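Here's the structure, in structure tokens; my notes come after.
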Amino acid sequence: MAAAPSETTARLRALGLSSTTVYVPPDHAYIKYDQTQNDSGQTDSLQEKVVQSLKKSCTCSKAKAKKFLFTILPILAWLPKYRIRENIVGDVVSGITVGIMRIPQGMAYALLASVPPIFGLYSSFFPGLIYAILGTSKNLPFGTMAVVSVMVGSSVERLVPERTGLPAMSDNTTAFNATDDYLQQLWIEDKVAISATLTLMAGIFQLGMGICRLGFVTIYLSDPLVSGFTVGAAFHVVGSQVKYLLGLEIPRYSGPLSLVYTFIDVFRLITQTNVAALITSLICIIILLIGKEVNLRYKDKLRGIPIPTELIVLIIATLVSYYADLNGNYGVNIVGDIPTGLPVPKAPDVSRLLYVLPDAIVLSIVSFAVSLTLAKLFAKKYGYSIDDNQELIAYGASNLFSSFFSCFVGSTSISRTSVADAAGMKSQLMTFVSAVLLLMVLLFIGPLFRPLQQCVLASIVVVNLKSMFRLFTELKPLWKLSKVDCMVWVVTWLAVTLLGLDIGLGVGVGFSLLTVVLRTQRPNTTLLGQVPNCDIYRDLGNNQVKEIDGIKIFRLNMSLCFTNCDSFKTALYKKTGLDPVRVLARRKKEEKNRKKSEKNSAEMGNGVANPGMAHTEEDDTMGQNGGIASMNHNGVEVKRTADVTTIILDCGPINFVDSVGMNTLIQVYKDYKSIDVNFLLAHVNPDIRVQMQSCDYFEKVGGQKLFVSVHDAVLFAVNKDLPVTERPTQNVNYEMETHL
């Protein structure tokens, strides 16, 4: 007759293992350490590693010099390999198309930046040339952007207050008019000077970030945050253009509630609307919207070359204004004199660099984040890589160089980039073609736009915001995907709209980081069970898994750091049903009651216990580990087995552990050891193992073993019958051999 199977064999069978595979933990089932060696088996000292690293970095060779030169000047890498037959047509066509777009957009965005329109053309011409030489994107037409331009305008208006002390206007006083014109010119020159200084400071900041390899800063600007910021900025763009659309004379506000003050003035002065300007604005907006819809709907038939609706509107409006004399007859504001030729290089006012520093930092980060997002999007589409740090250097050098020509901060726009891509842009050669067209405008054609109405440029700006307002459609799917990200979107949008671009961005970043901190403070935790007949462990909420008697498998789905250590311990004790502190307190109380009962019985001489020490119903819930029931946060009783001997922590999702987290693990181990419960770690990250070795973790916990997998830890716990204090420890080579 066959002998009855042992208890261990029966438990192994319950785990889906053959009775012949009695588990004796091999050396490769858990990870052990020797402090004389590191992961690679090498014994190099830190000093030797530093010396080797310095030698490698400081050694110069022809190959390294060539690589460095091609890195800082990417044009040297792609221009010699340029395929003329395949790419030249696409670059020429897209260059002409984008060049035509740059003319009206550059002049319109100059109004956003609070500088004369000619400086918008300069800002479309100079920065792109430098980016074409230093940039790593093949599909990015660098120039002006609405959001960045309105940020520049907001800063300029705040840093250069509205002119004061001017004499009252009088048709009969020529001297007063001359003085007013002179002071007006000084005011405009001061705004241009501040704009150039702002561009210089932004260029220096971006260049410094690129040299210091700080291209990673954009990770703190999440997609929901950028989208909310963009929509909020679009509201400010509209607010800044309303006075041009209606022909009103109202000041431009900056700072918190500036948009509210602007619309208060608009409604207060609505009766003074210039009817001719309003009619012109409505006609231009309708034509531009129809043109954009036609380009979108018949994109395939147009073969990627859109109808230049903006340029057509610009030309027609200029002709109408000239022959109808809209400025003289109806008081419609016009662009005015546009100088010909290129500006003479002039150093910005460096004495104001610190004065514009806060604004320049915000501008630098926003323009870099938006441009880099577009660059990566098209790089992914066409299968090439983008160097974040080199992009920073390219943006910084572009702004630094263009500041000497009185340009405002450059960036790129979604509409211009999309048009360039649809027109067949293949490389940055397109930028040089576009620059030739802009150069012709600057040298010969610019003065012809003198009678152009400002309301036409404002109409172009407002219509180009259509794509930004479409970002509102992201809210519904974003709410379904992540309510926290949706809140980041909404909070950033409201903050930017009400508090201004710079403060609003700060609020958005702060709120976004706060959500990360709050989520780390309340990590997701779960208990695992075994899928029958295999070594896979899943959440106990899955009906197909079962819990192993005497073993609790706990998983922390987040890194362990000072922000969530308390939450980790609370969740661990609650879900496993074993709180060492409460168990020890209960045991002490029981021991005290037992001794008191024995003493009373001895005094009475008849062995009857004191009625005051009667056995309570609560004591019935206490078992070997101090209790078989606990209450969850809803007050519902959570039952568990009374013979839990092992707690296994699945460390797979834990990417790092800080010093507080490491001390927490040590404390949890000691707490469970005090109530004779094993605390095992499985699936520990290699970096965390190195950290454990460096902080003497294993000496503090008595040589605790780290298991390759949860299943190895389970088998170890099932096979071990000795108390935790009697289990052997070993110290061998620090090496992990995967046997699964």
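Among the chymotrypsin sites (Phe, Trp or Tyr not before Pro) in segment 277-331, which ones are in a DSSP loop with at most 13 other Cβ atoms within 10 Å of the Cβ? Mind listing them?
Qualifying residues, ordered by number: TYR298.
Amide H contacts under 5 Å for THR412: GLY143, SER371, restricted to partners 5 or more places along the chain or on a different chain, H placed in the peptide plane at 1.01 Å from N. Based on the alpha-carbon gyration tensor of segment 661-713 and its eigenvalue square roots a ≥ b ≥ c, which shape applies: rounded if a/c is under 1.5, prolate if not and a/b is larger than b/c, or oblate? Oblate, because a/c is 1.5 or more while a/b does not exceed b/c. Per residue, the average separation of C-alpha pairs within less than 8 Å and at least 6 apart gives segment 426-528 a relative contact order of 12 percent.
Per residue, the accessible area of segment 275-380 comes to 59 Å², computed with a 1.4 Å probe over protein heavy atoms only.
With the convex hull drawn around the C-alpha atoms of segment 329-419, the volume per residue stands at 187 Å³. For ILE334, nonlocal amide neighbours, meaning residues 5 or more places apart or on other chains whose placed amide H falls under 5 Å from its own, are GLN454.
Using the Cβ atoms and a cut-off under 13 Å, what net charge is assigned to the surroundings of THR664, where Lys and Arg are +1 and Asp and Glu are -1?
Summing Lys/Arg as +1 and Asp/Glu as -1 gives 0.
In terms of its C-alpha gyration tensor, segment 267-332 comes out oblate, because a/c is 1.5 or above while a/b does not outweigh b/c. For the peptides 394-403, 141-150, residues were scored by their other Cβ atoms within 10 Å and the scores averaged per peptide; the highest-first order is 141-150, 394-403. Taking θ as phi - 60° and the Karplus parameters 6.51, -1.76 and 1.60, the scalar couplings of segment 275-284 work out to 4, 4, 5, 5, 5, 4, 4, 4, 4, 5 Hz in sequence order, x denoting glycine and proline.
When Rg and the Kirkwood radius Rh are both evaluated on Cα atoms of segment 209-365, their ratio Rg/Rh stands at 1.04. Accessible surface of segment 456-539, 1.4 Å probe: 68 percent of it comes from carbon and sulfur atoms.
Across segment 521-599, the mean sequence separation of Cα contacts (distance under 8 Å, 6 or more residues apart), normalised by length, yields a relative contact order of 28 percent. Using θ = phi - 60° in the Karplus curve 6.51 cos²θ - 1.76 cosθ + 1.60, the 3J(HN,Hα) couplings for segment 712-717 round to 4, 5, 5, 4, 4, 5 Hz; x is entered for Gly and Pro.
Rolling a 1.4 angstrom probe over segment 242-295 with all protein chains present gives an accessible area of which 73% lies on carbon and sulfur atoms. Residue ranking by accessible heavy-atom surface, 1.4 Å probe, largest first, among VAL217, VAL89 comes out as VAL89, VAL217. Ordered from highest to lowest accessible area with the whole protein assembly present and a 1.4 Å probe, THR273, THR71 read as THR71, THR273. Taking a Cβ cut-off of under 12 Å around GLY331, the surrounding Lys, Arg, Asp and Glu residues balance to a net charge of -2, with basic ones at +1 and acidic ones at -1. Can you flag which of LYS64/LYS381; LYS66/LYS138; LYS81/LYS301 are past 28 Å Cα-Cα? Listed pairs above 28 Å: LYS64/LYS381; LYS81/LYS301. Structure note, pairs LYS292/LYS376; LYS574/LYS700; LYS592/LYS705; LYS49/LYS670: Cα-Cα distances above 27 angstrom occur for LYS592/LYS705; LYS49/LYS670. Peptides 349-355, 667-673 ranked from most to least packed, by the mean per-residue count of other Cβ atoms within 10 Å: 667-673, 349-355. Under 5 Å between amide hydrogens, built in the peptide plane, is the criterion, and for LEU556 it picks out ASP650 among residues at least 5 positions away or on other chains. Scoring 711-717, 522-528 by mean Cβ neighbours within 10 Å over their residues and listing the highest first yields 711-717, 522-528. Shape verdict for segment 42-153, please, from the Cα gyration tensor: rounded (a/c under 1.5), prolate (a/b greater than b/c) or oblate. Since a/c reaches 1.5 but b/c is at least a/b, the shape of segment 42-153 is classed as oblate. Each residue of segment 128-134 was assigned a 3J(HN,Hα) from its phi angle through the Karplus expression (A = 6.51, B = -1.76, C = 1.60, θ = phi - 60°), giving x, 5, 5, 5, 4, 7, 9 Hz with x at Gly and Pro.
The values are calculated or read from the model by the stated rules, or taken from the named source; none is laboratory data. As the structure is a prediction and not an experimental result, all values here were calculated from the model. Cβ: placed from backbone, ideal geometry, glycine included. Neighbour counts: every protein chain shown. Side chains included, ligands, DNA and RNA excluded: accessible areas come from the protein's heavy atoms. Shrake-Rupley method; radii C 1.70, N 1.55, O 1.52, S 1.80 Å.
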